[in-house]
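Worksheet: the structure to be examined is printed underneath.
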Amino acid sequence: MGIGAVDGEVCRGTRTGRCAEFVHELAAVTGSLRPTELIYCWDPDGPSDPGGFARADHCDHTHVGWDA
């Protein structure tokens, strides 16, 4: 899914604000609820986790996905 705003704040790819906090919270999830894809303007969980990564075309939204 693509999420373009969090609590009324439009995602702009910054490392601060509600969208950034949301991305960090998703990256911190463990177990079966952890997203298998987490894409934002910057890598939310570091290079050691292949599920999250940065893409310049995701600076206006967060992409979150789970394998079925």
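Quick notes on this one:
- Angle in degrees between helix 18-28 and the longest Cα principal axis of the chain, rounded to the nearest 10: 10
- Charged side chains reduced to their Cβ positions (Lys and Arg at +1, Asp and Glu at -1) give the chain a dipole of some 80 debye around its Cα centre.
- Long-range amide H partners of Ala5 with built H, under 5 Å: Cys11
- Probe 1.4 Å, all protein chains present, accessible-area order of Phe22, Phe53, largest first: Phe53, Phe22
- Net charge, Ala28 excluded, C-beta distance under 12 Å - Lys, Arg +1, Asp, Glu -1: -3
- Calculated [222 nm] ellipticity per residue, helices only, for the chain: -5000 deg cm²/dmol; basis is -39500 (n - 2.57) per DSSP H run with n ≥ 4, divided by all residues, nearest 500.
- The chain shape via C-alpha gyration tensor axes, a/c threshold 1.5: prolate
The values are calculated or read from the model by the stated rules, or taken from the named source; none is laboratory data. What you see is a predicted model; the values in this text were computed from it and never measured. Quick reminder, even Gly has a Cβ in these numbers, built from the backbone with ideal geometry, and neighbours come from all protein chains shown. What goes into the accessible areas is simple: the full protein's heavy atoms, side chains included, and nothing from ligands, DNA or RNA. Shrake-Rupley method; radii C 1.70, N 1.55, O 1.52, S 1.80 Å.
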